[in-house]
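The values are calculated or read from the model by the stated rules, or taken from the named source; none is laboratory data. Small disclaimer: the values here were computed from a predicted structure and weren't measured. Neighbour counts run over all protein chains shown; Cβ positions are idealised from the backbone, glycine included. For the accessible areas, the whole protein counts, side chains as well, though only heavy atoms, and no ligand, DNA or RNA atoms are used. Shrake-Rupley method; radii C 1.70, N 1.55, O 1.52, S 1.80 Å.
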Amino acid sequence: MILANVFCILLFLDKILHSLASGQDPHGWRTPVDCVRANELCAAESSCSSRYRTLRQCLAGRDRNTMLANKECQAALEVLQESPLYDCRCKRGMKKELQCLQIYWSIHLGLTEGEEFYEASPYEPVTSRLSDIFRLASIFSGMDPATNSKSNHCLDAAKACNLNDNCKRLRSAYISTCSKVISATERCNRRKCHKALRQFFDRVPSEYTYRLLFCSCKDQACAERRRQTIVPSCSYEDKEKPNCLDLRNMCRTDHLCRSRLADFHTNCQVSFQSLTSCPGDNYQACLGSYAGMIGFDMTPNYIDSSITSITVSPWCSCRGSGNMEEECEKFLRDFTENPCLRNAIQAFGNGTDVNLSPKNPSLPVTLPPKTEKSPALPDDINDSNTIYDTSVITTCTSVQEHGPKLNKSKEHSLCFSEVCVMASPGKRERGRLESMEV
């Protein structure tokens with residue numbers, strides 16, 4: 001009897017080890033791996049590797065849809081859906097990121113019929129939150145992003161960057177590259193400028209980059225410094241604005257740009273099931289996806305240096321869209337009228353985050369009778385109007401301190417006096433490029 005039990009245990013352990021080695025857990029679910037590792041696992045199995053080669057040949061044809069209609073191509077795709085390649089994901093900034101993304105899209109481009117408006121992100125989900133960024137920023141700089149309301153937060157962010165060797169070096173590199181005039185007809189080398197920007201935002205910790213991109217402002221000079229962060233005269237602006245759908249199509253021909261755009265849509269797409277309008281109420285995921293698009297054709301930026309509203313957009317318009325105008329406007333609104341992105345930028349500027357974990361219950365307090373009962377919200381979101389109007393999320397520190405005792409109109413007035421925002425057009429101040437090095 002004992003020998004029989006030992007034998008069963010050994011068989012069970014052997015099954016577990018075999019499952020882990022093949023990329024599956026003991027219950028039959030595949031353990032997610034990055035696409036480079038998934039490709040290695042597939043190559044070690046003859047059936048998978050041969051099907052993968054077949055699919056790549058199918059996708060290499062000029063008419064992808066015609067190739068995928070081929071029975072052999074469809075059979076290859078069905079087999080690969082049961083392999084680790086189907087569930088694989090990539091990490092932004094990983095050593096072999098481009099190779100990983102190429103493998104990912106070689107599978108997932110075959111799963112879609114034509115162009116999709118929103119594509120799933122090839123990157124692993126973000127689990128960190130803004131509160132983690134605030135904690136690190138406090139450790140490195142000795143102050144939170146929103147402390148000292150009288151200071152110029154964007155100038156403070158530049159000073160904090162200069163105190164870090166890596167941040168200072170890479171920031172100086174992209175400012176120098178993007179500000180260098182090539183000739184009378186070519187104001188800069190945009191390709192090199194974009195590459196330098198990507199290196200900065202991929203290699204410098206977000207506790208520095210976020211403070212430069214999303215610093216809160218109360219005057220136009222501060223807002224203009226924030227707008228000039230990415231040297232928009234080279235990295236962003238052009239003589240004419242292309243059509244947004246044409247710009248999207250161009251972006252999708254590049255695996256990196258396509259992936260960053262898909263990641264932005266995944267993490268910043270407006271959600272009506274959350275308090276903040278963001279998927280999973282995760283501001284950090286949205287801001288990281290936004291920053292990840294800088295340095296590509298789809299580079300977004302603040303459209304002006306206004307202090308009355310936050311408006312960001314890629315450098316494009318919907319002129320010449322024809323019968324695709326509705327789709328184009330929808331695409332553009334994901335940037336210009338996105339409450340998730342706007343609330344995330346405001347939250348970072350105010351040094352606040354949504355705390356979804358329940359706190360220890362406090363002692364009961366006797367309150368005067370009310371004629372209306374407001375719905376209960378998490379402790380860190382005290383604007384009772386939030387649940388009805390997700391386009392405005394109260395994230396001001398002043399509201400957090402006073403709690404729900406303030407009436408709504410007063411909360412909103414306090415909030416908007418705290419928030420740095422931008423909307424009316426302003427002239428570009430080229431002389432500010434030199435002052436950015438401060």
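At-a-glance table
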read-out	value
Spin-label pair GLU45/LYS180, simplified geometry with 7 Å Cα→Cβ offset, distance in nm	4.9
Protection proxy ranking of 40-51, 175-186 - average other beta-carbon atoms within 10 Å, highest first	40-51, 175-186
Extension gain from LYS96 to ARG169, taking 0.36 nm per residue of separation minus the Cα-Cα distance	23.9 nm
Among 339-347, 288-296, 246-254, 100-108, the order from most to least packed when residues are scored by Cβ within 10 Å on average	339-347, 288-296, 100-108, 246-254
Solvent-accessible area per residue, Å², over the stretch 294-340 with all protein chains present [probe radius 1.4 Å]	41
Set LYS96/LYS330; LYS95/LYS330; LYS239/LYS330; LYS168/LYS218; LYS91/LYS218 screened for pairs whose C-alpha atoms are more than 31 Å apart	LYS96/LYS330; LYS95/LYS330; LYS91/LYS218
Centre separation in Å (Cα based) which lies between the stretch 154-220 and the stretch 229-246	17
